[in-house]
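Student: Here's a structure for you.
The values are calculated or read from the model by the stated rules, or taken from the named source; none is laboratory data. It should be emphasised that the depicted structure is a prediction, and the values quoted were computed from it without experimental measurement. Using ideal geometry, Cβ is built from the backbone for each residue, glycine included, and neighbour counts are taken over all protein chains shown.
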Amino acid sequence: MIFSTFSRRLAGLILILLLFSLIALVFLWYAGSLDIIDDEFHNRQNLTDQILMQSIIWIDRGISLYELQYIPSLEKAMELYQDAYLKSGGNITDLDLELLKQQAERELGDSWDFYLVDENGIVLKSTFKNDIGLDFKIWPSFYELVSQIRTNGTFVPDRMVKGYAQNAPYRKFAYMGTPDGRYLLEVSRNFQYLLPKASGASYKELIHNLPQLNPDIISLELYNSKYEVVSRFTSDNTPKNPTTNTLQQIIRTFSERKNSEETDIESGNIVRYTHLAINDTDSPSASEMFLVARTEYSTENRDQKKVALTIILGGFLLLTGFVASGVAIAGSRYLSKPINRIVEDIQYIADGDLDHKIRESGSSEFLVIEKAITQLVTSLKQTIASLKKREEELMDELSKRWRAEQNYRRLFESAHEAIFILKGTTIESCNNAATNLVGRNLKEVIGKEIYELSPPIQQDGSVSSTACTRIMNKVIQGEISKIEWDLERKDGTIIETEAQCSAVLSGDDIMVMALFRDVTELKEMRKREIKAIIQIEDNLVNLAAINDQIRNPLTAISILNEMQDGEFKIKIQEQVKAIDELINEVDKHFINTDKVRLFLIKHYGIHQKSEYKKEQKD
């Protein structure tokens, strides 16, 4: 029998896995081939950019070599300019540039122009009228360079450029500073065409040869620093005017001197903007020779290759799918038969029939599973019995805990003292005595901050909100357990309380249980006791003073009475004796009163007079 053993069935499963592995490898090949097509496409673009950049450098070197022939005549023209400046004594009003222009054209031939630039980069005088007033500071780097030439006094030739003035010819400039460093002398030799003429042909030849190297090129345009097209190639030979977006990209490329790339949304073509710099670092106007190339690449050839590759992949996947489906269906049916029987038996057991037996599948490999399931069911029955017993024990334990919790709740609610359970400074729970103490119902208390049920300022002058946080932290840290705190009832009545606080653990949180006791009347009674003691002390002092005030005159009367004779002497002496006995009686009462005062202070903790005055002051 085919697949009579589990190993053969496993072989069928491995066959299916191999088919899927083959599909995975094909997908990897497909993804890698797509990457290769994309890499080849981008490599051709990068190679085109490299050829462009290197070719522009070579063409510019040829132009710069050609321009070297004009430097001697520029030096002679500058000598004429220097001589004229020296003869004027540095007075530029006496400097006649038109006369100098005529002299140069007469002696050197061709067309010449002269320019005088001050230290601020402003063209003060010129034979080319359109440049008068031109400010070199518009181009900061150029202005910095010519300022150095002005101060150094060296002769520096420039490249052949057209400049930005309207109707300006092509001009090859030279610069030199005056001996006093005040002005920059500028000379230009003018040409009708950009020389050498071969340069134009070189640019044209370059951009027409590149499409032969890279067939993806649809169009290629070279732009100069004035954003004008120097040379152009289009595959359909129909030149188009640059769009606004194209000019914006050209300007950005010149400004940032970085290459960029974008995708045409309509055609899907890729457009690259490449900044083409030259190696000339000596000429002030070298940046005017920079170019920007706009190259449009067609993605049609690349996409066709991808489509062909996708068709090949689809055909292979279709074939593989048919084969894999047939093998998978046949194999799964054969493999699932014994497994389905085991699943059915397990379902009976899962439905509660733990005495149901696992049927034998006839395969030696499944015997281990069948025995393991039988052992598992036996163990499960034992576990269920154990769990039922444990469940009964837990229910009994939960019942005890519930009764204990109910007892605790009754004690909590029936307690005479106000109990607040605080998390930080927030009231999490409280009993009826607590709500009665603050004169609010439970909804008005739970969730409130304890300092919200207090006056803003405590008796010691501390702010309730700040003091509350500080006290709770100390209670949690075990630094204090007893506090004095003022609460405020809903009607605005201030209640003086003493609270016994302790930290308790509730789950993962540390709570504070505070038992508040109203001590307002107790404190008032204590104040009255202190006031009575003070009155006793004052009376004792007054009695002592009165005693002295009476006894001293009485002694004087007794002495004076001894010095006289007569019938009143005996009567006066009797009265003096009677008054003295009264004073002695007062002294006895004074001693007894002082003993009472000392007893109250010692055994009842009544404050001294100074402490009472301090409390009165507070």
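Student: Restricting attention to region 230-260, and to residues there that are basic (Lys, Arg) and closer than 22 Å to Leu206 by Cα, which single residue is modelled with the lowest pLDDT? Walk me through it before giving the result.
Tutor: So in region 230-260, the residues basic (Lys, Arg) come out as 232, 240, 252, 257-258.
Remaining after also requiring closer than 22 Å to Leu206 by Cα: 232, 240, 257-258.
Values: Arg232: 83, Lys240: 75, Arg257: 85, Lys258: 87.
Among those that are basic (Lys, Arg) and closer than 22 Å to Leu206 by Cα, it is Lys240.
Student: Can I ask one more? Here is a check on your reading of the model: is Glu496 farther than 16 Å from Ala418 by Cα and either touching a strand residue (DSSP E or B) at 6+ places or on another chain (Cβ under 6 Å) or of a type in the set (D, E, K, R) (or both)?
Tutor: In short, no.
Student: If you don't mind, there's one more thing I want to ask. Only one of these conditions is not met by Ile270: (1) in contact (Cβ under 8 Å) with a residue 24 or more places away in the chain; (2) exposed (fewer than 15 other Cβ atoms within 10 Å of the Cβ). Which number is it?
Tutor: (2)
Student: Here are some conditions: (1) small (Gly, Ala, Ser); (2) without any contact (Cβ under 8 Å) to a residue 40 or more places away in the chain; (3) assigned by TED's automatic domain parsing to the domain that holds Ile421; (4) surrounded by 14 or more Cβ atoms within 10 Å (Cβ to Cβ). Ala514 meets all but one. Which one does it not meet?
Tutor: Evaluating Ala514 over (1) small (Gly, Ala, Ser); (2) without any contact (Cβ under 8 Å) to a residue 40 or more places away in the chain; (3) assigned by TED's automatic domain parsing to the domain that holds Ile421; (4) surrounded by 14 or more Cβ atoms within 10 Å (Cβ to Cβ) leaves (2) as the failure.
Student: Would you mention how many residues in region 411-456 are surrounded by 19 or more Cβ atoms within 10 Å (Cβ to Cβ), free of Cβ contacts under 8 Å to residues at least 40 places away in the same chain and touching a Lys or Arg at 6+ places or on another chain (Cβ under 8 Å)?
Tutor: Number of matching residues: 2.
Student: Give region 519-544 a look and list any residue that's among the β-branched types (Val, Ile, Thr) and over 30 Å from Ala499 (Cα atoms), or say none.
Tutor: Those that are among the β-branched types (Val, Ile, Thr) and over 30 Å from Ala499 (Cα atoms): Ile536, Val541.
Student: Enumerate the helices (runs of 4 or more DSSP H) found wholly within region 431-520, keeping only those where 2 or more residues are within 36 Å of the chain's Cα centre (by Cα).
Tutor: Because the criterion is at least 2 residues that are within 36 Å of the chain's Cα centre (by Cα), the helices (runs of 4 or more DSSP H) in region 431-520 that meet it are 464-476.
Student: Hey, Ser283 hits all of (1) in a loop (DSSP other than H, G, I, E, B); (2) farther than 23 Å from Phe142 by Cα; (3) of a type in the set (Gly, Ala, Ser) but one; which does it fall short on?
Tutor: Ser283 satisfies all of (1) in a loop (DSSP other than H, G, I, E, B); (2) farther than 23 Å from Phe142 by Cα; (3) of a type in the set (Gly, Ala, Ser) except (2).
Student: Ok, one more. Tally the residues that are touching a residue at least 40 places away in the same chain (Cβ under 8 Å) and either surrounded by fewer than 13 Cβ atoms within 10 Å (Cβ to Cβ) or not in a helix (DSSP H, G or I) (or both), restricting the search to region 89-108.
Tutor: 1
Student: Condition first: under 38 Å from the mean Cα position of the chain (by Cα) and either assigned by TED's automatic domain parsing to the domain that holds Ser55 or not acidic (Asp, Glu) (or both). Can you find one or more residues in region 279-292 that meet it?
Tutor: No, the conditions are met nowhere in region 279-292.
Each row is one residue, and each column tells you yes or no for (1) farther than 21 Å from Leu95 by Cα; (2) among the hydroxyl-bearing types (Ser, Thr, Tyr).
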position	(1), (2)
Glu144	yes, no
Asn152	yes, no
Val156	yes, no
Lys162	yes, no
Tyr170	yes, yes
Phe173	no, no
Thr178	no, yes
Leu184	no, no
Ser188	no, yes
